[in-house]
Amino acid sequence: MHKIPSSIKTGLLICVLIVGLLLVFINPIQSFFVARMSERLNTTEYTAEDMDKNNAADANFEFDAVQSLSIAEVLKAQASIGSLPVIGSIVMPSVGMQLPIIKGVGNAALAAGAGTMKPNQTLGEGNYALAGHYFEEKDILFGPLYHAEVGDAIYLTDKTKIYVYHLMSKDIIEATDVFVINDVPGQAILTLITCAEEGHKRLSVQAEFVESYPVSEAPEELSKKVGKKN
């Protein structure tokens, strides 16, 4: 029997150690980049004109094709972050959530913020539906929604107006229950969707539209809540 040279043994041991370290640190690395992307988009100065232009951009709305985020997708999104069509922001002070709203549910969009689930949605009208990823025990992307409670305020803005919603329901639903994003006659609501039970089901948070303010006329306290990172 031939002996394996010690140099090869050492090389194999180093490879095993590297793979082991990657497995241990891959989730923290992934979470770091996701949080960094959201923060970058939150602090970028988008104007109402920028967001209006981004609203006309092409986008992917195939929510059924959305997969769990891999580190490769996160790094790919990091490289294309400057071209993401940001059309607004969503803030939920009670759980410390503030995210950019990005048109569509493409992988890059959902790696950095909340993606619109339907084309031609209008804030304050119909059923404005947003999707976001959830990382277990991580308060990034839509993770904070698990701490939300009925009655909590949710604010959305497109830099033209600030829209106020109040949370009215929070339910675990089947992955096939896509009807929750359909418009409801006579109602203006907000629907937020993320994964639940390891992706087998969904968390659905719905809020009713209360009122809106032109950005220039909004109460100072409300402007502060929407305008800065919590």
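The values are calculated or read from the model by the stated rules, or taken from the named source; none is laboratory data. Just so it is clear, the model here is predicted, and its values are computed rather than measured. Here the Cβ positions follow ideal geometry from the backbone for every residue, glycine too, while neighbour counts run over all protein chains shown. Only protein heavy atoms, including side chains, enter the accessible area calculation; ligands, DNA and RNA are left aside. Shrake-Rupley method; radii C 1.70, N 1.55, O 1.52, S 1.80 Å.
Computed with a 1.4 Å probe on the full set of protein chains, the accessible area for residue 92 sits at about 0 Å².
With contacts taken as Cα pairs under 8 Å and at least 6 residues apart, the chain reaches a relative contact order of 18 percent. Temperature 10 °C, viscosity 1.306 mPa s: under these conditions the Stokes-Einstein estimate for segment 40-157, based on its Kirkwood radius over C-alpha pairs, is 109 µm² per second. Placing unit charges on each Cβ (+1 for Lys and Arg, -1 for Asp and Glu) gives segment 72-212 a dipole about its Cα centre, and among 200, 129, 116 the Cα reaching farthest toward its positive end belongs to 116. This model, with +1 at the C-beta of Lys and Arg and -1 at the C-beta of Asp and Glu, gives the chain a dipole about its Cα centre of some 1100 debye.
Protection proxy ranking for 127-134, 80-87, using the average of other Cβ atoms within 10 Å per residue and placing the highest first: 127-134, 80-87.
Only one of [x] -0.53, -1.20; [y] -0.39, -1.40; [z] -0.32, -1.52 was calculated from the structure for log10 I(q)/I(0) by the Debye sum over Cα atoms at q = 0.09, 0.18 Å⁻¹, and its label is [y]. Note on the chain: dipole from Cβ charges, positive end direction compared against 173, 59, 151; the farthest Cα belongs to 59. The Cβ shell under 15 Å around residue 165 holds other residues with a net charge of -3, Lys and Arg each +1, Asp and Glu each -1.
The alpha carbon gyration tensor of segment 127-230 gives principal lengths a ≥ b ≥ c with a/c of 1.5 or higher and a/b no greater than b/c, which makes the shape oblate.
A 1.4 Å probe run over segment 103-188, with the rest of the protein chains in place, finds 44 Å² accessible per residue. Atom-type composition of the exposed protein surface of the chain places 55 percent of the accessible area on carbon and sulfur (1.4 angstrom probe).
Note on residue 31: accessible area is roughly 20 Å² with a 1.4 Å probe, heavy atoms of protein only. Placing +1 on the Cβ of every Lys and Arg and -1 on the Cβ of every Asp and Glu, with nothing else charged, gives segment 34-134 a dipole about its Cα centre of roughly 220 debye.
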